[in-house]
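Please read the structure below before turning to the comments.
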Amino acid sequence: MKIAVLNGSPKGEISVTVQYIKFIQKKFPLHQFKLINIAHDIIKIEKNQSLFQDVINEIKTADGVIWAFPLYVFLVASQYKRFIELIWDRGAGDAFKDKYACALSTSIHFFDHTAHNYMHAVCDDLGMRYTGFLSADMDDIFTDEGRATLLKWAGDFLVAIEKKPPVGRAYAPLIHNGFAYTPGQVDGKVDNTGLKIRLLADIEDEKSNIAKMVGRFVSAFNGNVEVTNIRDVNIKGGCLGCMQCAFDNICVYKDDFVNFVNSTMRDQDITVYAGPIRDRFLSARTKMYWDRCFFNGHVPLQVDKQIAFLVSGPLSQIANLREIMQAMAEVGQHNLAGVVTDECADSQQLDALIDDLAGRLVDYSRNKYLKPATFLGVGGHKIFRDAIWARMRFPFDADYRYYESHGYFDFPQQDERYLEFNKQMIKMIQDPRMKEMVRKMMKTEMIKGYQKIVETK
Ligand SMILES: Cc1cc2nc3c(=O)[nH]c(=O)nc-3n(C[C@H](O)[C@H](O)[C@H](O)COP(=O)(O)O)c2cc1C
């Protein structure tokens, strides 16, 4: 059989993920795993229609498709995302329909689930028969167990192509409401004196809802709001994954991106991202912006600030994207003040939602209001902390310096207070009488400290 492998690594074949594919190829020599470098060649694929058609022809003649990609910032790399957009823009979806498909990623398991949710939904939208994913840690191939699991998974996919089991859809088709927004007059502006607000928008069409939402948001304030259309920033391409930035945060690209971020994004009190839904995410252009921020490593660009999103499109039907927004805020140590979409399909209501968001952002910013992180931020921090401490210590030297100087290596193993408490309590319950007594006191003793706070503060 011929399996088309759509390679999502911007590094082309000099890629960790591709080694996993090569290993599968070696162990299943009777089948051909045809590697197509999508992310690496995206500029050529987009510019050259016949090259794009060659890729589509490979899909058409394949028995199955593997979406093989590295995790990039909660998702796939922007270059891969762009290819998915081109499939729709160029009406090439039929080539994918009814093909058996699966997804293989390599990563450090930081939001690998959101990337796989995305790819699964894309496969459903293309009418593919998606059989499942394997999310390998990038080091799994070094262990017997990791290799065995990989081969079992790949073998099962080949069997599925041959046996053609039924496959159900996990994600319902998106419904776009087609609403055209007409902003009304603003009564009573929000006072943003002294606050720096920047709106990063992805606007392709000035008549689009998102352009009008941005306009309404800006006019909700009595002072200045800086708006940047990210299409106007000179960004030459997506992150190459070369990691040459890791030592000192110096990016290999010679475009305006790093300078733009360093000179405009670091000192904002409020940052708002605005853009339309493209397939199951925001646009590849927006994703390119986020991926390129990787020049700053695993360090937040600014902390303790407010962020919000303005979105045009069916966000309420894409829980995965909503989760990514929340995670972006928490991992970046921001407060997500709100998300406004045009799904209400009512201009007056949308005006009110945008005005309310404007007021809330200023209120939260002035009050330095930061909600505690959920599992997304807490768990995300621990994954990065552990990675920068040990296995990614090299090459991410700049991250290490920042983490060390900012107290990010907050391993609970170093918590002297709890360690001492545990030692005493464990010793105490060696005595069966004490053990019984402590057991009975568990609930009341546990809240004593809390009660004291409630009484005294
Ligand atoms: C720009 C960039 C963003 C990344 N984002 C993530 C991420 O969000 N989650 C994660 O677990 N790993 C992330 N990684 C790590 C890669 O997914 C991992 O190293 C992968 O194995 C690289 O595969 P490749 O060599 O095939 O490109 C990122 C790496 C880069 C360069």
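Among residues of the stretch 379-408 that are among the β-branched types (Val, Ile, Thr), those with a beta-carbon under 6 Å from a residue that is part of a helix (DSSP H, G or I) and open to solvent by less than 50 Å² (accessible area, probe 1.4 Å) at least six positions away or on a different chain give the pairs Ile388/Asp399; Ile388/Tyr400; Ile388/Tyr403.
Only one entry of Asn7, Asn37, Asn48 meets the criterion of being free of Cβ contacts under 8 Å to residues at least 12 places away in the same chain and within 29 Å of Met243 (Cα to Cα), and that entry is Asn48.
Report whether or not Asp386 is of a type in the set (Asp, Glu) and either open to solvent by less than 60 Å² (accessible area, probe 1.4 Å) or away from the ligand (no atom under 16 Å from the Cβ) (or both). No, not satisfied.
Restricting the stretch 181-212 to residues that are open to solvent by 40 Å² or more (accessible area, probe 1.4 Å) and among the acidic types (Asp, Glu) leaves a set whose member that is modelled with the lowest pLDDT is Asp187. Scanning the stretch 1-32 for residues that are hydrophobic (A, V, I, L, M, F, W, C) and open to solvent by less than 20 Å² (accessible area, probe 1.4 Å) yields Ile3, Ala4, Val5, Leu6, Val18, Ile21, Ile24.
The requirement of being of a type in the set (D, E, K, R), touching a Ser or Thr at 6+ places or on another chain (Cβ under 9 Å) and within 9 Å of the ligand (Cβ to nearest atom) is fulfilled somewhere in the stretch 107-117, by at least one residue. Annotation note: Cβ proximity below 7 Å between a residue of the stretch 351-375 that is among the basic types (Lys, Arg) and a residue that is crowded, with 17+ Cβ neighbours inside 10 Å (sequence gap 6+ or interchain) occurs for Arg360/Ala337; Arg360/Gly338; Lys371/Asn335. Of the residues making up the stretch 270-278, not a single one is more than 30 Å from Gly188 (Cβ to Cβ), open to solvent by 40 Å² or more (accessible area, probe 1.4 Å), assigned to a loop (DSSP other than H, G, I, E, B) and not hydrophobic (A, V, I, L, M, F, W, C).
Given the criterion of a type outside the set (Ser, Thr, Tyr), modelled with pLDDT of 95 or more and closer than 30 Å to Ile383 by Cβ, identify the matching residue among Ile453, Ile447, Ile426. Exactly one of Ile453, Ile447, Ile426 is of a type outside the set (Ser, Thr, Tyr), modelled with pLDDT of 95 or more and closer than 30 Å to Ile383 by Cβ, namely Ile426. Within the stretch 1-52, if we keep just the residues that are aliphatic (A, V, I, L, M) and farther than 20 Å from Phe96 by Cα, the residue that is nearest to the ligand (Cβ to nearest atom) turns out to be Val16.
When Val258, Val303 are checked against the criterion of being part of a loop (DSSP other than H, G, I, E, B), open to solvent by 20 Å² or more (accessible area, probe 1.4 Å), in the same structural domain as Arg216 (by TED's automatic domain parsing) and not aromatic (Phe, Trp, Tyr), Val303 stands alone in meeting it.
Count, please, the residues in the stretch 322-347 that happen to be in a helix (DSSP H, G or I) and among the β-branched types (Val, Ile, Thr). Residues flagged as in a helix (DSSP H, G or I) and among the β-branched types (Val, Ile, Thr) within the stretch 322-347 amount to 2.
Residue check: is Lys440 open to solvent by less than 100 Å² (accessible area, probe 1.4 Å) and more than 41 Å from the chain's Cα centre (by Cα)? When the stated conditions are applied, Lys440 does not pass them. Among the residues of the stretch 222-238, none is identified as farther than 22 Å from Lys81 by Cα and crowded, with 21+ Cβ neighbours inside 10 Å.
The values are calculated or read from the model by the stated rules, or taken from the named source; none is laboratory data. This structure is a prediction, so every number in the text was calculated from the model and none was measured. In this analysis, Cβ positions are derived from the backbone assuming ideal geometry, glycine residues included, and neighbour counts consider all displayed protein chains. The protein model used for the area step is the full one, side chains on, heavy atoms only, and it has no ligands, DNA or RNA in it. Shrake-Rupley method; radii C 1.70, N 1.55, O 1.52, S 1.80 Å.
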